Amino acid sequence: MVAVAVELRNVEGTEAAMGWAGGHTIVVDRPEGKAGGAGLGFNGAQLLALALGGCFCNDLRYASHEIGVPLGRIAVTVTVELGGTPLVAMSAAMRVDCETLDGSDPRPVIEKAKAVCTVAHSLRNGLPVSIDG
């Protein structure tokens, strides 16, 4: 089993948070005017969509290298539908458009990525979440 950990701390002088893993950082905030948010970074739903789409983009590259079909342009759009009280993600839809460098059909690469995408499989299967305070 592999474990991944990230850290988050408040950003001094704001109500936003800074998250990091290794040398990479990201700002998390609410939209301007919402619960003290200043619009300095992504909100949770956006981060969820980015996690799904970003993981899939990486998996497209992994699949491309494994199959031996180099990819050029990749365009991925993720839409997360929210609803209920408390607000939760109800569904996610991803639109994938990519081109191979040799002009061949990219569907085998997309299908391979679909078969291994960690975030997509995790969301579909659900996972236990614990919050300790």
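The values are calculated or read from the model by the stated rules, or taken from the named source; none is laboratory data. Here the structure is a predicted model, which is why all the values come from computation and not from measurement. Counting neighbours? That spans all protein chains shown, and the Cβs are built from the backbone with ideal geometry, glycine included. Note: accessible area is taken over every heavy atom of the protein model, side chains too, but ligands, DNA and RNA are not part of it. Shrake-Rupley method; radii C 1.70, N 1.55, O 1.52, S 1.80 Å.
Would you confirm whether or not the range 30-41 contains a residue that is aliphatic (A, V, I, L, M) and on the phi > 0 side of the Ramachandran plot? The answer is yes; a qualifying residue exists.
Here is the figure for the range 86-116: residues that are more than 14 Å from residue 55 (Cβ to Cβ), within 19 Å of the chain's Cα centre (by Cα) and not in a helix (DSSP H, G or I) total 9.
Residues that are exposed (fewer than 11 other Cβ atoms within 10 Å of the Cβ), at pLDDT 95 or above, under 29 Å from residue 7 (Cβ atoms) and of a type outside the set (Gly, Ala, Ser): does the range 55-75 have at least one? Within the range 55-75, none of the residues are exposed (fewer than 11 other Cβ atoms within 10 Å of the Cβ), at pLDDT 95 or above, under 29 Å from residue 7 (Cβ atoms) and of a type outside the set (Gly, Ala, Ser). Select from the range 77-99 the residues that are buried (at least 18 other Cβ atoms within 10 Å of the Cβ), free of Cβ contacts under 8 Å to residues at least 40 places away in the same chain and β-branched (Val, Ile, Thr) and list them in ascending order. Matches in the range 77-99: 78, 80.
For the range 1-18, the set of residues classified as assigned to a strand (DSSP E or B) and of a type in the set (A, V, I, L, M) consists of 8, 17, 18, listed by residue number. Of the listed requirements (1) outside any strand (DSSP E or B); (2) among the β-branched types (Val, Ile, Thr); (3) open to solvent by less than 90 Å² (accessible area, probe 1.4 Å), residue 129 misses just one: (3).
Of all residues in the range 65-86, those satisfying the criterion of being touching a helix residue (DSSP H, G or I) at 6+ places or on another chain (Cβ under 8 Å) and of a type in the set (A, V, I, L, M) are 67, 69, 71, 74, 76, 78, 80, 82.
Inside the range 15-37, residues that are open to solvent by less than 50 Å² (accessible area, probe 1.4 Å) and more than 17 Å from the chain's Cα centre (by Cα) make up a count of 4.
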